[in-house]
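A.B. asks: Please find one structure pasted underneath; my questions will follow.
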Amino acid sequence: MLAGIQAIYIHQTGKHFNIFSSMSKASIIPKGHKAPYKCAYWFNDDLQSNPAFFAITKNASTTMRNTLGSKKIKVLSSGEKLNRPSFTIIRNPVERFPSSFLEISKSSPWGKKAINEETLIEFIDTLKEHFFDTHVLPQVHFVSDENEKLINLDYWLLFDNLEKEFKEMLMDIGISDKKIKHDRKTAKGKLDSVVNVMTPKVEELIIEIYNEDWKLYNKLKNERK
């Protein structure tokens with residue numbers, strides 16, 4: 001069990017898993033809130049070569065689980081050595097933001113507000129106080145250990161070029177090619193309603209609060225040049 005986490009419970013409700021935790025030290029997650037999927041991976045026991053997928057919300061997580069048939073989830077213990085290839089997907093935080101905002105809007109007062117620059121800035125100001133939901137947590141949260149250091153993974157795929165990089169990873173680890181089973185929950189029209197009001201000021205604020213994500217994304221992107 002990871003240091004700093006007193007208890008973790010994996011609870012299945014329908015097809016969705018939630019991880020709840022109580023923290024023994026300060027965290028970006030307020031006490032009493034969900035601590036989802038930190039250092040947790042999805043896998044399938046039936047296939048030893050089935051990779052360990054460290055899912056990040058709003059980064060094709062459902063799509064990947066469906067594609068690989070990964071139905072089990074486990075929290076990576078401190079010092080644990082995986083016996084299978086591991087990977088995650090990293091996304092430009094500015095492009096991830098509209099999906100996160102719309103996901104929150106489905107079941108909160110934010111969904112009743114007009115979508116404009118003022119609303120987005122107000123939303124970002126709220127995130128500055130605390131990342132209050134699984135869908136707005138920084139990406140690095142999901143792939144960092146108890147010391148907030150990135151864990152060692154075999155593959156860091158970019159959302160920008162997911163089809164190509166996923167295919168190359170499968171070839172590299174000896175799994176037959178799988179067609180990605182996309183699970184697009186957010187209609188393009190709704191996404192555009194947010195994207196179209198994301199002014200340079202809004203984008204600057206997004207990069208500010210997700211600075212570690214921004215640095216990681218650009219590091220990976222530059223490595224591909």
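The values are calculated or read from the model by the stated rules, or taken from the named source; none is laboratory data. Because the structure is a prediction, the values reported are computed rather than measured. Ideal geometry is used to build each Cβ from the backbone, glycine not excepted, and the neighbour counts take in all protein chains shown.
A.B. asks: Does any residue of the range 103-117 turn out to be under 30 Å from Pro85 (Cβ atoms), touching a Phe, Trp or Tyr at 6+ places or on another chain (Cβ under 9 Å) and of a type in the set (Phe, Trp, Tyr)?
C.D. replies: no
A.B. asks: Quick check on my filter: what residues within the range 65-80 are touching a residue at least 24 places away in the same chain (Cβ under 8 Å) and over 15 Å from Asp154 (Cβ atoms)?
C.D. replies: Asn66, Thr67, Gly69, Ser70, Lys71, Lys72, Ile73, Lys74, Val75, Ser77, Ser78
A.B. asks: Which one is farthest from Phe159 (Cα to Cα), of the residues in the range 81-118 that are touching a strand residue (DSSP E or B) at 6+ places or on another chain (Cβ under 8 Å) and of a type outside the set (A, V, I, L, M)?
C.D. replies: Looking at the filtered set, the residue picked out is Arg84.
A.B. asks: Any chance the range 158-168 includes a residue that's in a loop (DSSP other than H, G, I, E, B) and in contact (Cβ under 8 Å) with a residue 40 or more places away in the chain?
C.D. replies: The answer is no; no qualifying residue exists.
A.B. asks: State which residue is modelled with the lowest pLDDT when the search covers only the range 186-201 and only residues that are loosely packed, with under 12 Cβ neighbours inside 10 Å and not in a helix (DSSP H, G or I).
C.D. replies: Selected residue: Ala187.
A.B. asks: Evaluate the following for Ile89: is it in a loop (DSSP other than H, G, I, E, B) and of a type outside the set (Gly, Ala, Ser)?
C.D. replies: Here the answer is no, as Ile89 does not meet what is asked.
Matching residues to (1) assigned to a helix (DSSP H, G or I); (2) loosely packed, with under 12 Cβ neighbours inside 10 Å:
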{"residue": "Trp110", "(1), (2)": "yes, no"}
{"residue": "His141", "(1), (2)": "yes, no"}
{"residue": "Asn147", "(1), (2)": "no, yes"}
{"residue": "Leu153", "(1), (2)": "no, no"}
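A.B. asks: State all residues of the range 39-63 that are under 17 Å from Gly174 (Cα atoms), crowded, with 16+ Cβ neighbours inside 10 Å and either of a type in the set (A, V, I, L, M, F, W, C) or in contact (Cβ under 8 Å) with a residue 60 or more places away in the chain (or both); if no residue qualifies, say none.
C.D. replies: Phe43, Asn50, Pro51, Ala52, Phe53, listed by residue number.
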